[in-house]
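The values are calculated or read from the model by the stated rules, or taken from the named source; none is laboratory data. Remember, predicted model here, so these are calculated numbers, not experimental data. Neighbour counts are summed over all protein chains in view; Cβ atoms, including those assigned to glycine, are modelled from backbone coordinates with ideal geometry.
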């Protein structure tokens, strides 16, 4: 009973913090998710269900209907199902796949209901907020004296505003990707935090492979190819909608390929001789420090080819 009360108090406190400080809701949601997941290891099913119900009630009471639906779509439903799956005996990678899938579907439903019905009005509202922020920032820029300094170098106030509007436009056109990245990161880091908390318990359910042994699902490579094809097709046809559908897919999946590409590179470095390992590590550090975009492209491509060709023969070892 003491353990149940502890998890109930911790989870309710985190729900309060999410509602009280929306700016930090993502970080708090990660900790909250980790607590719920760990709860699946220590609690009985009735206790888990009570905690889920009380947490939902607290979020609804403090934040209202829209906020509670957003939190549940963002991570809440995924975390609760992952917790229940852990109680049923599911392991790390089963939890990760299920959690991400549920979070993506939940967010899609939420966005479909709340945003797509009045997408243009919503986008215009966001654009107006961005324009207001840019104007206020430029006023501070003028007061600081930096505007005159840059003007002497040929960089005008108008060029600053133009560049800021281009950046804001790119962000606005990729808001969907940002939302999906947010839910994926929330699930991933919540589960990773749960693994870290569990690291000394010896429980095999929350045991993660070494980073260098992880490999991306090969099916995702074809999703990336589809996104790239949509970008090229939309650009060729002058169809912005097709182009941005493709680019949003790429924005979501490129960080995933970089993650797994880095894992494959670290695996290969571990197989090198000490001298070659040192030189290759130095080259990667220099590349990552001074040529970051090139490094990200390299890791991304390496991750995709590793997923297709399985350089490390990890699937053969598993019998896949």
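Restricting to region 13-31, what's the tally of residues that are more than 19 Å from residue 65 (Cβ to Cβ) and assigned to a helix (DSSP H, G or I)? Please lay out each step first, then the result.
So in region 13-31, the residues more than 19 Å from residue 65 (Cβ to Cβ) come out as 13-14, 17, 21, 23-24, 26-28, 30-31.
Among the residues that remain, those that are also assigned to a helix (DSSP H, G or I) are: 13-14, 17, 23-24, 26-28, 30-31.
Residues flagged as more than 19 Å from residue 65 (Cβ to Cβ) and assigned to a helix (DSSP H, G or I) within region 13-31 amount to 10.
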Answer yes or no as to whether residue 53 is closer than 22 Å to residue 188 by Cα and either more than 19 Å from the chain's Cα centre (by Cα) or not assigned by TED's automatic domain parsing to the domain that holds residue 99 (or both).
no
Going through region 45-91 one residue at a time, which ones are at pLDDT 90 or above and under 20 Å from residue 181 (Cα atoms)?
77, 78, 79, 80, 81, 82
Return yes when residue 275 is more than 22 Å from the chain's Cα centre (by Cα), touching a residue at least 12 places away in the same chain (Cβ under 8 Å) and not assigned by TED's automatic domain parsing to the domain that holds residue 29 and no when it is not.
no
Only one of 185, 216 that is in the same structural domain as residue 305 (by TED's automatic domain parsing) and closer than 30 Å to residue 36 by Cβ
216
Any residue at all in region 94-101 that's at pLDDT 90 or above, more than 16 Å from the chain's Cα centre (by Cα) and either surrounded by fewer than 20 Cβ atoms within 10 Å (Cβ to Cβ) or not assigned by TED's automatic domain parsing to the domain that holds residue 195 (or both)?
yes
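For every residue, the table says whether it meets (1) in the same structural domain as residue 98 (by TED's automatic domain parsing); (2) touching a helix residue (DSSP H, G or I) at 6+ places or on another chain (Cβ under 8 Å); (3) under 23 Å from residue 100 (Cα atoms).
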position	(1), (2), (3)
17	yes, yes, no
45	yes, yes, yes
61	yes, no, no
72	yes, yes, yes
